[in-house]
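In what follows, a single structure is set out as structure tokens and then discussed.
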């Protein structure tokens with residue numbers, strides 16, 4: 001086992017520990033609610049996924065809580081294959097699913113007679129709490145529309161090259177908020193690499209400040225460092241080589257002036273940040289003030305057990321946001337970026353804590 005494989009295994013272990021602690025603390029009286037199983041054609045692989053809701057509990061949530069227009073996106077068994085070649089449970093069935101936590105935080109009003117009814121005023125009220133933590137002397141404009149999971153296409157002319165999907169989108173006449181929500185994703189692989197299709201992205205912006213993704217990424221890096229090839233699992237027991245645009249930890253150190261070699265891995269998804277910024281800027285809302293908010297859900301009972309990882313996340317987030325290309329791009333497109341924690345126990349009211357805000 002090489003160094004990279006050991007590092008990947010350690011992160012999977014920490015993510016599993018996080019999920020287990022989350023389950024034990026947030027669902028103490030509901031242990032029977034867990035244990036998802038996936039039947040696989042005639043030969044059933046009856047392995048149990050202990051940190052996912054049971055099939056019965058998941059079906060109840062899907063049928064009685066989740067809104068109809070979101071079912072297609074969140075209820076499929078995913079195409080990510082496990083080591084043994086079986087499909088994974090629906091991501092939203094995970095105990096620490098950021099999508100489900102986002103849905104409960106901004107879309108589900110427990111006081112409503114029909115919990116599946118979309119409660120716009122309820123979501124905007126929660127969003128206002130978040131906004132006023134960021135800007136204590138301002139009020140969230142109430143004339144906006146709130147939707148879950150925005151589509152922000154990155155284009156080349158009329159062709160869509162890729163699409164960024166922030167979890168919450170709120171558009172008012174003079175202000176736009178995008179909220180990207182996280183939970184156990186902290187422990188995912190955040191390798192700074194992009195599919196080669198991103199090289200085809202068109203120019204964003206006007207005049208001297210216009211830029212495309214390749215320029216955005218390679219602004220501070222030599223051309224020779226950006227191409228890599230690796231094998232990707234595309235189906236059970238099937239792999240094929242795919243090319244990626246990638247940058248090294250050394251290059252990221254130059255970008256952020258942060259010695260990443262001190263840390264075992266990236267805890268902040270730099271690749272996703274670049275895609276979010278390009279997708280948001282491509283919506284041509286420069287006449288409005290734009291906020292891109294990274295919101296991390298953290299159960300209060302287990303926050304201290306993982307404070308080392310969150311401390312690293314904060315340092316990396318701040319370093320990347322203050323780096324030359326990111327800072328210049330945000331200034332050109334009137335985008336402010338912030339890092340916010342929601343450290344709550346189950347049943348407590350939404351209490352966001354601002355960790356970092358870079359205004360523009």
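Worth a mention:
- Failed criterion for residue 325 (all others in (1) within 17 Å of residue 268 (Cβ to Cβ); (2) at pLDDT 85 or above hold): (2)
- Of the numbered criteria (1) in a helix (DSSP H, G or I); (2) modelled with pLDDT under 85; (3) surrounded by fewer than 18 Cβ atoms within 10 Å (Cβ to Cβ), the one residue 349 fails is (1).
- Test: residue 316 is part of a helix (DSSP H, G or I), touching a helix residue (DSSP H, G or I) at 6+ places or on another chain (Cβ under 8 Å) and either modelled with pLDDT under 90 or under 22 Å from residue 167 (Cβ atoms) (or both): yes
- The residue pairs whose first member lies in region 184-205 and is surrounded by 19 or more Cβ atoms within 10 Å (Cβ to Cβ), whose second member is in a loop (DSSP other than H, G, I, E, B) and at pLDDT below 75, and whose beta carbons are closer than 6 Å, counting only pairs six or more residues apart or on different chains, are 192/247; 201/212.
- Considering residues of region 17-32 that are more than 24 Å from the chain's Cα centre (by Cα) and closer than 20 Å to residue 348 by Cβ only, the residue surrounded by the fewest Cβ atoms within 10 Å (Cβ to Cβ): 29
- Only residues that are touching a residue at least 12 places away in the same chain (Cβ under 8 Å), farther than 14 Å from residue 338 by Cβ and in a loop (DSSP other than H, G, I, E, B) were counted in region 141-170, giving 10.
- Here residue 138 meets the list (1) surrounded by fewer than 17 Cβ atoms within 10 Å (Cβ to Cβ); (2) modelled with pLDDT of 90 or more; (3) assigned to a helix (DSSP H, G or I) almost entirely, failing just condition (3).
- Listed by position, the helices (runs of 4 or more DSSP H) inside region 1-106 whose residues that are at pLDDT below 75 and more than 24 Å from residue 186 (Cβ to Cβ) number at least 2 are 68-74.
- For region 175-220, a tally of residues being at pLDDT 90 or above and over 16 Å from the mean Cα position of the chain (by Cα) returns 2.
The values are calculated or read from the model by the stated rules, or taken from the named source; none is laboratory data. Predicted, not measured: the structure shown is a model, and the values here were computed from it. For neighbour counting, all protein chains shown are included, and Cβ atoms are generated from backbone atoms with ideal geometry for every residue, glycine included.
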